[in-house]
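To keep things clear, I will list the structure first and then write my remarks on it.
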Amino acid sequence: MSNSLSQVDLIREAFHYQSRFEGSTMVFKIDFPVTDDPGFPFLVKDLALLAQTGFRVVIVPGAKEWIDAVLAEYGIISAYAEADSSPFHRSTRITTACAMPFVEMAAFHVAARFMTGLAGSRVDAVIGNFVRARGLGVVNGQDLEHTGTVEKILADSLNKTLSQGMVPILPCIGYSPAGKPYNVPSDEIALAVSAALGAVKLFIVSLNGGLGAGTYTFPENLETGDDGRILRLTPQEAEAVLAANSGLVKGAAGGSAAFGSLANELRPLQELNLALRASRAGVERVHIIDGREEGAILRELFSNLGSGTMLYADKYESIRALRSRDIPDILRLMDPLMQQGILIRRTAEQILEKKADFAVFEIDEQIHACGALHEWGEGQAEIAAIATDPLYGDMGLGRRIVDYLIDRAKKKGIARVFVLTTQTQDWFEFLGFREVSVKSLPEKKQKIYDRSRRSKVFALQLTGE
Ligand SMILES: CC(C)(COP(=O)(O)OP(=O)(O)OC[C@H]1O[C@@H](n2cnc3c(N)ncnc32)[C@H](O)[C@@H]1OP(=O)(O)O)[C@@H](O)C(=O)NCCC(=O)NCCS
C-alpha cells in the first residue's frame, strides 16, 4: 500500500514538474566519456522523451577525450613532440592547421552518436553551424591557430529549429563569418547558448556527478548528502568553494587560476566554475550529474530525489528595499505611466512616507523596475506601483517583483493580495490573479476607492479562504 502510494506521489510530482517546465529550454552539456559509456543509449532515450514531451532540448557534446584519441591515432600528437612543441599552451589546446581536420572529424563523430541515438527514438535532430566563432590569436607569444571562442550564438536559427520540435546538437566547432572553422571549448558553447536562449536549466553531465568531500576543502554549513557530496549551493557558496580550492587550480594551470583542460581530479571544480558562470548569465538552476547513473536526468528534473549537485540562483537576488536616494529613479520610471493614467500619481514625499513598502529591481546599480506592497488590514495587502523600464520589458522583471511582493505578503501572514488596475488586467490574470468586486476590499480601501477611475480589482488568494 505504502509502496503504491509513493508511486502515486512520484507520478504527481512528475506531472507537476512537467507542467512547470513544458516549453522551456534546457541545455545539456554532455562530456565524451559519458557518450562512450554502456548506459549512454538510456541517457539519449531520456533526452528523446523530454523532447517528445515538449521540452526544448539543446545538446552540447564535449569531445575532448575523443579528440585526444583521434589526434594520437593519426600521429598528430607525436608531430607536436617532433616539432618540440606541446598540444597545450598552459591549459588551452593549440589547434594547428594540420590538427584541425582531425578535430572536426572527432567532434562531428561524437555529435553523430547523439543524432543516431535520437533517430532511434524517432526524434529529429540537427547538427548545425549555430556558433559564430573567432580565433584566440596569439597569446603570450603562442599562436593558438584554430583554437577559438564564441563570438555569437545564432539564436534565431536555433529557435527556428527548436520550434519545429527538433533537437539542435552543437559540436565544439564554430565558424568565422568568412567560414573558417575554429575549435571552441564546449564549456564556452554551453554557457553562451544557455544565455542566448534564456535556458531555465543547464545540465553538466560527466562522470563526476558533482563535488564530493575528500579531495576538496569545503566551507562550513554547505548542504551535503550521506556520501559527502554537496547537494545544493548558491552562487555565493560556489564562489567560496572555488576560492577555498583556488590553490589546487593554480597549481595545475601553471600559476594562473584560469580553467582549461585540467587534470581529471580538478574537473569537478571546472564544472562548478562553469555552473557559476551560467548562473551569473541568468540560468536559474545548473545541475551537475553523473551520466552513468540510469535516469539521473529524469530524477533531477521530475523529483526531489536529485542525485547530483545543484547550483541555484536566488531569483530575488537583484531585488532590494528602496533607499531614499532611489526615489528620483523610480519617479523617472513611473512618471510616463502616471501621465498616461496607468499608475496613480505619487509625489516624492508620498513615496518617502511609504518607503518601507517599496522594492526595486537593480541591475549594475541601475534601477529597472519597482513595486510596492501596502497593507490595509483585514488580512489584505495591495500590490501597487509596478513599473518596468520599457528597455527591459518582457525579461521577467515585472513578474519577479510581483513574486517577491507576494512572498513578502506570505511571510507577513497576509491572506490575500489585490491590485487595482485600469489597463493591465490581462497581465495580472496571466500571473494568476482573478477579478473580484470592490466590496471585497478592506473597508479602509473601499472608503478611498476612486470611482471615477473605474479601476478593476484583481486578487490572489494566498491562504485557504
Ligand atoms: C505590466 C508590466 C509591469 C510588465 O512588466 P515586464 O517586466 O515587461 O513583464 P514580464 O517580463 O514579467 O512579463 C512579460 C509578459 O507579460 C506580457 N505583458 C506585458 N505587459 C502586459 C500588459 N499590459 N497586459 C498583458 N500582458 C502584458 C508580455 O507580453 C509578456 O508575455 P510573454 O512572456 O508571453 O511574451 C510593464 O509592462 C509595465 O511597467 N507596465 C506599465 C505599468 C503597469 O501597468 N503596472 C501595473 C499596474 S500596478
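The values are calculated or read from the model by the stated rules, or taken from the named source; none is laboratory data. Because the structure is predicted, anything quoted here is derived from the model rather than measured. With ideal geometry, Cβ positions are generated from the backbone for all residues, glycine too; neighbour counts draw on all protein chains shown. Surface accessibility is based on the protein's heavy atoms, side chains included, excluding ligands, DNA and RNA. Shrake-Rupley method; radii C 1.70, N 1.55, O 1.52, S 1.80 Å.
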Qualifying residue in the range 315-332 (condition: open to solvent by less than 20 Å² (accessible area, probe 1.4 Å), at pLDDT 90 or above, acidic (Asp, Glu) and under 30 Å from Gly393 (Cα atoms)): yes
Yes/no for Val438 being more than 8 Å from the ligand (Cβ to nearest atom), among the aliphatic types (A, V, I, L, M) and touching a helix residue (DSSP H, G or I) at 6+ places or on another chain (Cβ under 6 Å): no
Neighbours by Cβ (under 8 Å, 6+ apart or cross-chain): first from the range 417-437, more than 11 Å from Ala459 (Cβ to Cβ); second more than 8 Å from the ligand (Cβ to nearest atom) and among the aliphatic types (A, V, I, L, M): Leu431/Leu460
Checking Ala459 against (1) away from the ligand (no atom under 12 Å from the Cβ); (2) part of a strand (DSSP E or B); (3) open to solvent by 30 Å² or more (accessible area, probe 1.4 Å), the condition it does not meet: (3)
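So that you can scan it fast, the table gives a plain yes or no per residue for (1) in a loop (DSSP other than H, G, I, E, B); (2) closer than 26 Å to Asp36 by Cβ; (3) at pLDDT 95 or above:
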residue: Cys98; (1), (2), (3): yes, yes, no
residue: Pro101; (1), (2), (3): no, yes, no
residue: Arg113; (1), (2), (3): no, yes, yes
residue: Asn129; (1), (2), (3): yes, yes, no
residue: Leu162; (1), (2), (3): no, no, yes
residue: Gly165; (1), (2), (3): yes, no, no
residue: Pro168; (1), (2), (3): no, yes, yes
residue: Ala178; (1), (2), (3): yes, no, no
In the range 207-250, the residues that are among the basic types (Lys, Arg) and open to solvent by less than 50 Å² (accessible area, probe 1.4 Å): Arg229
Qualifying residues in the range 412-435 (those that are of a type in the set (A, V, I, L, M, F, W, C) and either touching a Leu at 6+ places or on another chain (Cβ under 7 Å) or outside any helix (DSSP H, G or I) (or both)) - the one nearest to the ligand (Cβ to nearest atom): Val419
Count of the range 175-195 residues which are surrounded by fewer than 23 Cβ atoms within 10 Å (Cβ to Cβ), hydrophobic (A, V, I, L, M, F, W, C) and touching a residue at least 12 places away in the same chain (Cβ under 8 Å): 1
Qualifying residue in the range 244-262 (condition: modelled with pLDDT of 80 or more and in contact with a Pro (Cβ under 7 Å, 6 or more places away or on another chain)): yes
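Looking at the range 364-378, which of its residues are open to solvent by 10 Å² or more (accessible area, probe 1.4 Å) and closer than 21 Å to Asp335 by Cβ?
The answer is Glu365, Gln366, His368, His374.
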Positions within the range 387-411 being in contact (Cβ under 8 Å) with a residue 40 or more places away in the chain, open to solvent by 30 Å² or more (accessible area, probe 1.4 Å) and more than 8 Å from the ligand (Cβ to nearest atom), in sequence order: Asp403, Tyr404, Asp407, Arg408, Lys410
Every pair of residues 6+ apart whose Cβ atoms lie under 7 Å, when the first sits in the range 38-56 and is closer than 13 Å to Phe114 by Cα while the second is of a type in the set (Phe, Trp, Tyr): Val44/Phe114; Leu47/Phe28
Hey, Val360 touching a residue at least 12 places away in the same chain (Cβ under 8 Å) and touching a His at 6+ places or on another chain (Cβ under 9 Å) or not: yes
Answer from Leu343, Leu352, Leu373 - the residue that is aliphatic (A, V, I, L, M), within 12 Å of the ligand (Cβ to nearest atom) and not in a strand (DSSP E or B): Leu343
Boolean, Asp450 is open to solvent by 20 Å² or more (accessible area, probe 1.4 Å), more than 15 Å from the ligand (Cβ to nearest atom) and at pLDDT below 95: no
Condition met for Pro336 (away from the ligand (no atom under 16 Å from the Cβ) and more than 27 Å from the chain's Cα centre (by Cα)): no
Odd one out for Ala381 among (1) under 28 Å from Arg20 (Cβ atoms); (2) within 14 Å of the ligand (Cβ to nearest atom); (3) open to solvent by 10 Å² or more (accessible area, probe 1.4 Å): (3)
